[in-house]
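No lab work stands behind these numbers, since they all come straight from the coordinates. This is a predicted model, so every value here is computed, not measured. When we count neighbours, we look across all protein chains shown, and the Cβ atoms used for this are built from the backbone with ideal geometry, even at glycine.
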Amino acid sequence: MIPANRSPNGYLARARTTDDIELEGFVVEALDVKTAPTTLVHVHGMFENFHMPAFVDEMLSRVSETGMTMVAVNTRAQDYTHYHRHWSDGSYTWKRNGGSYEIFSNCLPDLDGWIDYCHTQIGAKRIILSGHSHGALKVAYYAAKRQNARIDGLILMSPSDDIEMQEAALGERYDEALELASSLIAAGNGEEFVPDWMYSSPISAEMYRDMFGTQSDLNIFRLRRPESSSGLAASVNIPTLLLYGEHDIATAGLPSAEAAAACRSLLGEKADVTTAVVAGADHQYLNHEEELVALVTGWAARHVDKS
């Protein structure tokens with residue numbers, strides 16, 4: 001439980017993506033920043049932002065005490081709708097983004113920008129990339145696609161099988177939903193929200209097809225049907241911590257231990273992967289923040305800081 005009087009002391013950060021979108025985040029530096037070996041960069045889940053969910057506050061407070069700097073970051077897919085500065089030739093215009101209009105692959109320039117920030121503004125020596133839920137898919141996708149030598153470790157908190165859960169929700173109407181999204185796009189209405197029966201939160205037709213179409217980048221961890229996964233996770237070649245809550249909702253109905261085992265198998269036999277299920281915890285790790293932070297900091301000390 002987070003004590004009521006605890007609050008992380010840090011500062012607001014602004015980073016520029018490699019396609020010139022300005023994003024915000026929050027930095028809490030290690031108590032001895034000059035000798036801090038590792039910076040942990042954490043990515044939020046769908047429709048959230050850098051201070052969500054509640055465990056992020058506890059992480060920001062505690063991680064610096066263990067000798068790491070932490071940066072909790074926004075992506076352009078923060079919240080439902082958000083306007084960001086888009087820079088060009090020294091001036092900016094406002095660009096509408098947000099989780100309701102997400103194109104998943106935009107996480108690549110977003111995270112490029114934050115990693116550049118950590119090196120140039122913080123002086124990071126080693127970087128751990130962490131993500132929760134939909135954000136866990138982003139950091140896994142980034143690690144696999146970019147093969148960025150500046151990333152030294154990966155933390156996947158409750159990676160979600162969004163495709164499987166959507167297939168289960170719609171059943172026989174899954175193909176119908178894709179056809180409707182495609183027809184909206186073809187008619188020039190790609191930014192129009194899809195009907196409620198297709199998705200429980202407001203998302204655009206373009207986002208819907210990007211998430212659930214045949215070319216989706218979200219099929220990294222297909223928990224019930226691993227043979228349908230993209231195979232991309234097997235190219236992750238850095239130390240990885242994989243976590244679920246015991247009562248997690250992101251497992252496509254599998255027990256959390258089975259979901260963790262499925263993800264572990266997709267990451268490849270030779271990968272240095274540590275798995276854990278947090279007893280009693282839900283998808284948000286509510287009231288289990290301290291156990292979560294202990295797992296993260298202990299794993300980092302054993303697998304990343306020693307390098």
Aspartates and glutamates within cross-link reach of K95: Cα-Cα under 20 Å, excluding same-chain residues under 8 positions apart?
-> D19, D20, E22, E24, E48, D79, D110, D112, E191, E192, E206, D210
Report the convex hull volume per residue for the chain, counting only C-alpha atoms, in Å³.
-> 130 Å³
Which order do D19, D152 fall in if you start with the one that has the fewest other Cβ atoms within 10 Å?
-> D19, D152
What number, in percent, do you get for the relative contact order of the stretch 29-169 if the mean sequence gap of Cα pairs under 8 Å and at least 6 apart is divided by its residue count?
-> 25 percent
With viscosity set to 0.692 mPa s and temperature to 37 °C, compute the Stokes-Einstein D of the stretch 136-281, Rh being the Kirkwood radius across alpha carbon pairs; µm²/s, no decimals.
-> 203 µm²/s
Can you work out D for the stretch 162-220 in µm² s⁻¹ from Stokes-Einstein, where Rh is the Kirkwood radius over C-alpha pairs, the temperature is 4 °C and the viscosity is 1.567 mPa s?
-> 115 µm²/s
Which whole-number percentage describes the relative contact order of the chain, with Cα contacts under 8 Å and a sequence gap of 6 or more?
-> 17 percent
If you count the DSSP beta bridges with both ends in the chain, what percent of them are antiparallel, to the nearest 5?
-> 40 percent
Neighbours of R225 by Cβ distance under 14 Å: Lys/Arg at +1, Asp/Glu at -1, summed charge -4
Would you calculate the separation in nanometres between label points at T120 and R225, each defined as 7 Å from the Cα along the Cα-to-beta-carbon direction?
-> 4.4 nm
